Structures are given as structure tokens and as C-alpha cells.
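The values are calculated or read from the model by the stated rules, or taken from the named source; none is laboratory data. What you are looking at is a predicted structure, and each value in this text was computed from that prediction instead of being measured. Quick reminder, even Gly has a Cβ in these numbers, built from the backbone with ideal geometry, and neighbours come from all protein chains shown.
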């Protein structure tokens, strides 16, 4: 005694409906996880930069997209070169008297992801605080302001 074609079709349709209901939540969870990992990685890099600053008595020299040489013993170069999981590239700015900035340029993070990152590192508002971001995909975190 087998299944009829109608019974098989009902099972396939119900399975399809259940799968279509879970895909958006899986996507949302993935987006939030990527944002959390990016925030954690930025925090780790910031802590490392601050520790180097304390150990050496000065911030690392400006190095833009290449990893500051002073970080070589503290983090793997792959971490810097791979960039954040939300896309983009790390950028280090330091100008004496102007400030120290850890940035991500060309980020492909969504607005929701950037807000999660901002909320984790700062105040959760794009234009305020030490961490800011723009719709053009630039995240800026002031580690030291003048």
C-alpha cells in the first residue's frame, strides 16, 4: 500500500512552506552574527592598538590599509588583511594632535549591522559618539580625540 500522488504533493507543499518560513530568520541570524563578530574584532584590534600605545609610549605610526608593524607580534597579519566579516578593509589613522582612528573602509555591512556594531562599541547612534558610520560604507572609531 503506497502513497497517492495527492498525499505526496501535500507533504511537498507543507515542507516548502516550512522552509520558506525559516530562510528569512536564518538570514537575520547570520547578519546579526556577522555584526557581532565584526564588533568583537574591532574591539580586539582597538585593545591591541591601545596596549601597543601604552607599551611604546606612543600610538603606532599611521599605516592606512597595511597593518602597523608594531602589531606584528600581537595579532596575525591575516586578521588585518582579511578585514571584517561584514566586508571592507581595516584602516589605521594617527596624526599627532589630531587623534587616533581605527576605521573600516568599503564595508558592505547593512545599516542594521552597522547599528548593531555601533550599539556594541558605543551608543547605537550613527552620527554620535566615538563610533560613527556612513551609508557609503565607512566605519570610524575614534580611539583618541584631541
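A few points about this structure:
- For the stretch 111-129, the criterion of a residue being in contact (Cβ under 8 Å) with a residue 12 or more places away in the chain, surrounded by 12 or more Cβ atoms within 10 Å (Cβ to Cβ) and more than 23 Å from residue 28 (Cβ to Cβ) is satisfied by no position.
- Residue 28 vs. criteria in a helix (DSSP H, G or I), farther than 19 Å from residue 104 by Cβ, at pLDDT below 90 and over 23 Å from the mean Cα position of the chain (by Cα): no
For (1) touching a helix residue (DSSP H, G or I) at 6+ places or on another chain (Cβ under 8 Å); (2) exposed (fewer than 10 other Cβ atoms within 10 Å of the Cβ), each residue gets a yes or a no:
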site	(1), (2)
11	no, no
16	no, no
21	no, yes
25	no, yes
35	yes, no
38	yes, no
47	no, no
55	no, no
59	yes, no
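- Applying the condition of being at positive phi and more than 14 Å from the chain's Cα centre (by Cα) to the stretch 89-123 and asking which residue is modelled with the highest pLDDT yields 99.
- Matching option when the condition is farther than 28 Å from residue 119 by Cβ and touching a residue at least 40 places away in the same chain (Cβ under 8 Å), among 88, 97: 97
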